[in-house]
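Here the structure is laid out as structure tokens; the discussion comes afterwards.
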Amino acid sequence: MTVALDAGRTKTQGRELPPSMVERMTLILDAFDQPTSVLTLEDVARATHLPRSTAHRILHQLVGLEWLDHTSNGYRLGRRALGAGVRESGHSELRAAAAPHLHELLMRTGAVVHLAVLEDGKVSYLDKVGGSFARTVPSRVGGVQPAYCTALGKAMLAWHEPSDVDMLVGGDLSPRTAATIANLEALHADLHRIRARGGLAFERGEAFQGLACAAAAIMGPDGPVGALSAVVPAEKPLERVAPLVVHAAREISLELFGELPTRKRRLRSVAAV
């Protein structure tokens with residue numbers, strides 16, 4: 001088998017290329033090392049060492065199969081590559097509007113930055129950006145976490161009616177760590193504090209030990225459509241990061257929906273979700 005494979009390989013610029021279409025497609029997808037990476041045709045050809053014409057043909061096929069999206073700036077991972085958590089078509093617009101703000105937050109804070117939505121009482125991650133610290137944060141694009149123990153989830157739950165929060169999270173708030181809020185009464189008290197802060201949510205070690213997080217909801221006309229968070233080591237203060245998260249969430253909301261009347265930022269019924 002090895003001999004047959006070696007015999008089937010082609011060479012370009014002194015490098016052996018994988019013979020099968022599956023291997024070449026994998027090479028291309030691996031070039032997108034971040035969920036929000038945007039690569040041109042030239043970037044892909046350079047990273048994979050595939051001939052430009054070959055890379056272009058495979059990119060076109062991957063776009064057709066929704067493994068990649070083709071934007072005016074280049075190619076980015078599509079819904080299939082990003083997993084079940086980003087398969088709703090409405091999330092594409094949210095991800096596109098949020099992408100520059102995720103990167104700006106990363107550059108200004110050094111934190112790991114998340115974009116997520118609330119689905120069935122769980123936080124579903126749409127995007128994650130960060131440097132080397134990101135490898136220590138056990139979240140992934142397409143993954144989910146319980147909403148009650150994450151700043152992202154609480155930032156969105158805070159804008160739902162209390163009775164609907166009970167329905168969304170259920171009665172069993174299993175503790176993830178010693179710091180997890182594990183009963184509904186304490187959760188509602190925390191959600192009240194979040195509303196009193198204008199929607200800013202904090203979490204220290206509730207989902208994962210050693211990590212702290214600040215989050216804010218991205219508001220639409222009828223309530224939160226997603227949330228943005230910044231994660232830092234637990235020993236670091238969140239005071240500098242938090243205002244930047246709130247500002248970014250508001251800017252994304254403004255880009256998507258324009259200026260929202262204050263009266264629209266009311267508690268949201270789960271029936272409207």
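We did not get these values from a lab; they are worked out from the coordinates using the rules stated. This one's a predicted model, so the numbers in the text were calculated from it and none came from an experiment. Here Cβ is always computed from backbone atoms with ideal geometry, including for glycine, and neighbour counts include all displayed protein chains.
Odds and ends about this structure:
- Were the residues from Glu239 through Thr26 laid out at 0.36 nm apart, the gain over their Cα-Cα distance would be 72.5 nm.
- Cross-link reach list, aspartates and glutamates versus Lys154, counting only Cα pairs under 12 Å and skipping chain neighbours closer than eight places: Asp190, Glu203, Glu206
- Packing order of peptides 211-219, 186-194, 109-117, highest average first: 211-219, 109-117, 186-194 (average count of other Cβ atoms within 10 Å over each peptide's residues).
- Taking 0.36 nm per residue of separation and subtracting the current Cα-Cα distance, fully stretching the chain between Glu255 and Ser174 would add 25.5 nm.
- Of the two radii for the range 83-272, the radius of gyration is 0.93 times the Kirkwood radius, both from the alpha carbons; that is the Rg over Rh value.
- Estimated inter-spin distance, Gln61 and Asn73, nm [label 7 Å along Cα→Cβ]: 2.8 nm
- Filtered GluC sites (Glu not before Pro), the range 180-244: DSSP coil and at most 14 other beta carbons within 10 Å: Glu235, Glu239
- Asp43-Arg197 FRET efficiency (beta carbon distance; Förster radius 41 Å; 0.05 resolution): 0.50
- Other residues within the sphere of radius under 14 Å centred on the Cβ of Leu105, judged by their own Cβ, net out at +1 (K and R +1, D and E -1).
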